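To start, the structure under review is shown below, and the notes come after it.
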Amino acid sequence: MRKPVLLALILALSAWGAAQRLQPVTEHLVKPVFAASAPGDSERLYVAGLDGFIYIVELPSGAVPSEPFLSLSGRVTALKGEQGFYAFAFHPDFAANGRLFVSYTEAGSGDVVVQEFHAPSPERADPEPRRELFRVEVSEPFHHGGALAFGPDGMLYASFGDGIFSVSLLRETRVAQDLSSLRGKLVRVDVDAPAEAPYAVPSDNPFVGTAGARPELYAYGFRNPWKLAFDPDTGAPLVADVGDDAWEEVNAVVAGGNYGWPAMEGPDCFRSY
């Protein structure tokens, strides 16, 4: 009976593979780097371009309106290294409050910034930010991180890279291990708490009360954590961290975890540490 069972399994997997085949949605985008739907919205896919625009892709037609949903023209730089517009995150109650958050490299300063914007409608966002949450100075135009997402706990998570490309600087500056810096870190903040500050720090963040540590920190020891998702079963952050030349990482992050950089690249001691 083994051969018929095996044949049935092969046919079932083949049928599943055919059903999962990728299909193009649109060919009218320039340098897309991130895409997401607003909570509860199945009619639109929002796509960020590296040069500072968020466009709407209408579903299922794939049509792209000529006017972008949000334009940061003149405020985003993507001229060097790994600069650019990285990600955006819709507030869980976006349909009611129109709040969204974006992460990009700022023209002029070269800083990595996270700002809040407002969209009066699902078709268009106001071009001016309502407030700035983070501004991180970086050493070089590389390893900026830039991931941004709301977790299942309702908190906003943001990642920042170590901002260092030159190995000579890396030997001197182990900023990803410095708990007083946001560089090389995953942070977690509450954007709904009533406070004069741009955000509140959740009381259960792992470094609250730790001397010399930024209380916003959730985990550290990252090189370039530029993509972020959440485990659908456990809710744990899943962080994709770009390695040097030997290992790429996907880390199931725990609160307070140290993910090794620059002492470790993947499971190995880093050659230049």
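The values are calculated or read from the model by the stated rules, or taken from the named source; none is laboratory data. In this text, all values refer to a predicted model and were calculated from it rather than measured experimentally. In this analysis, Cβ positions are derived from the backbone assuming ideal geometry, glycine residues included, and neighbour counts consider all displayed protein chains. Surface accessibility is based on the protein's heavy atoms, side chains included, excluding ligands, DNA and RNA. Shrake-Rupley method; radii C 1.70, N 1.55, O 1.52, S 1.80 Å.
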(message) Exactly one of these conditions fails for PHE270: (1) crowded, with 19+ Cβ neighbours inside 10 Å; (2) modelled with pLDDT of 95 or more; (3) not hydroxyl-bearing (Ser, Thr, Tyr). Give me its number.
(response) (2)
(request) Please verify whether region 111-131 includes one or more residues that are open to solvent by 20 Å² or more (accessible area, probe 1.4 Å), touching a residue at least 24 places away in the same chain (Cβ under 8 Å) and either aromatic (Phe, Trp, Tyr) or within 16 Å of VAL33 (Cβ to Cβ) (or both). (result) no
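Report whether or not ALA211 is over 25 Å from ALA36 (Cβ atoms) and either crowded, with 19+ Cβ neighbours inside 10 Å or touching a residue at least 60 places away in the same chain (Cβ under 8 Å) (or both). Can you show your working first?
Numbers: over 25 Å from ALA36 (Cβ atoms): yes; either crowded, with 19+ Cβ neighbours inside 10 Å or touching a residue at least 60 places away in the same chain (Cβ under 8 Å) (or both): no.
Spelling it out, it is not the case that ALA211 is over 25 Å from ALA36 (Cβ atoms) and either crowded, with 19+ Cβ neighbours inside 10 Å or touching a residue at least 60 places away in the same chain (Cβ under 8 Å) (or both).
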(request) Six or more apart or on different chains, Cβ under 9 Å: which pairs go from a residue in region 190-202 that's small (Gly, Ala, Ser) to one that's part of a strand (DSSP E or B)? Could you list them? (result) ALA193/ALA200; ALA200/VAL189; ALA200/ASP190
(request) Could you check PHE142 against (1) open to solvent by 20 Å² or more (accessible area, probe 1.4 Å); (2) in contact (Cβ under 8 Å) with a residue 12 or more places away in the chain; (3) among the hydrophobic types (A, V, I, L, M, F, W, C); (4) over 22 Å from ARG174 (Cα atoms) and say which number it fails? (result) (4)
(request) Kindly list the number of the only condition in (1) of a type outside the set (Asp, Glu); (2) farther than 16 Å from HIS143 by Cα; (3) open to solvent by 20 Å² or more (accessible area, probe 1.4 Å) that fails for ALA219. (result) (3)
(request) Mind listing whichever residues of region 196-244 are at pLDDT 95 or above, under 23 Å from GLN177 (Cβ atoms) and aromatic (Phe, Trp, Tyr)? (result) PHE207, TYR218, TYR220, PHE222
(request) Could you pull out the residue among ASP241, ASP245 that is open to solvent by 40 Å² or more (accessible area, probe 1.4 Å) and among the charged types (D, E, K, R)? (result) ASP245
(request) List the number of the failed condition for PRO215; all other conditions in (1) of a type outside the set (A, V, I, L, M, F, W, C); (2) touching a strand residue (DSSP E or B) at 6+ places or on another chain (Cβ under 7 Å); (3) within 25 Å of ASP153 (Cβ to Cβ) hold. (result) (2)
(message) Looking at the structure I just gave you, is GLU82 buried (at least 19 other Cβ atoms within 10 Å of the Cβ) and either more than 25 Å from PRO152 (Cβ to Cβ) or not hydrophobic (A, V, I, L, M, F, W, C) (or both)?
(response) yes
(message) Among the numbered criteria (1) closer than 24 Å to GLU58 by Cβ; (2) touching a His at 6+ places or on another chain (Cβ under 6 Å), which one does ASP93 miss?
(response) (2)
(message) Looking at region 37-75 only, could you name the residues that are open to solvent by 20 Å² or more (accessible area, probe 1.4 Å), hydrophobic (A, V, I, L, M, F, W, C) and within 18 Å of PHE134 (Cβ to Cβ)?
(response) none
(request) State which residue is farthest from the chain's Cα centre (by Cα) when the search covers only region 149-205 and only residues that are of a type in the set (Ser, Thr, Tyr) and surrounded by fewer than 16 Cβ atoms within 10 Å (Cβ to Cβ). (result) SER168
